[in-house]
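See structure below.
The values are calculated or read from the model by the stated rules, or taken from the named source; none is laboratory data. Every value quoted in this text rests on a predicted model; they were computed, and no experiment measured them. Methodologically, a virtual Cβ is constructed for each residue, glycine included, from the backbone with ideal geometry; neighbour enumeration extends over all protein chains shown. In case anyone asks, the SASA skips ligands and DNA or RNA and just uses the protein heavy atoms, side chains included. Shrake-Rupley method; radii C 1.70, N 1.55, O 1.52, S 1.80 Å.
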Amino acid sequence: IKIDGGQFLAIAAELEPLTGYANPGGFDWREYSGRRMIVGTARVLDGTHVRYPLHPTTNTRFPSLRRLAAQLRTRFQRLHERLYPEPLIRSVADAILLGDRRTLNSRLRGWFVGSGTVHVLVVSGLHLGFIAGAIYLLLGMVLGRGYASASIACAVLLGYALATGGRPPVMRAWMLVSFALFALPSARQRAVLNSLALAFLLLLLANPSWLSDAGFQ
């Protein structure tokens, strides 16, 4: 089934409870998954078992934020398919620009790990900083370096952050960059620690389970 991202699907599969032994004093997969409301797993081996629901129960006229993020991510991936026809290059581009490392083979991943450059395969605040600087600079030439430019830049950055999966480090970076952009036209001094504390508070209000997430910490 060709999907664009964010669709509601019906899957025929057998849901199995989480298995595996706990690791006393260390990482516990079952506890980790339970905190994220994951109570079971299912594996679909045959694509014919996936169907579009005939009568969706949710209102699709106004897509949710998660649905929009999935659609953006899919559009970026299809753009990469046109820009990078070579699968190996495309897999690296997906990892660097979208944080999607699922298509990276073990050999290529081992090269990055062995060379100490695996961090470039993770979307971080550095990505958002580069994008924010470029967008704000271009908008500043047209609209001036005011609230309009800052608002548009923040909106574009939010779309990119959601398209990369909306992980805590990326969302935290988006908030910090947004605070910095709005501080420029207001001529206010930027307080890094205050901004960081406010970003932590807003993220935890949005998803309290991120408190135990390694990326958030």
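Table for the structure above
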quantity: Reported label for calculated percent of Cα pairs over 30 Å apart given (i) 19; (ii) 38; (iii) 48; calculated: (ii)
quantity: Over the chain: helical MRE at 222 nm, DSSP H runs n ≥ 4 each giving -39500 (n - 2.57), nearest 500; calculated: -17500 deg cm²/dmol
quantity: Helix 87-98 axis, angle to the chain major axis (alpha carbon atoms, nearest 10°); calculated: 60
quantity: Accessible area of segment 64-154 divided out per residue, in Å², using a probe of 1.4 angstrom; calculated: 63
quantity: Calculated FRET efficiency for the pair residue 204/residue 43, C-beta based, R₀ 41 Å, to 0.05; calculated: 0.80
quantity: Rounded percent of accessible protein surface that carbon and sulfur make up, the chain, 1.4 Å probe; calculated: 63
quantity: Packing rank of 133-140, 8-15, where each peptide gets the mean count of other beta carbons within 10 Å, highest leading; calculated: 133-140, 8-15
quantity: Helix 168-186 axis, angle to the chain major axis (alpha carbon atoms, nearest 10°); calculated: 20
quantity: Projected label distance in nm at residue 113 and residue 131, using a 7 Å step from Cα toward the beta-carbon; calculated: 2.8
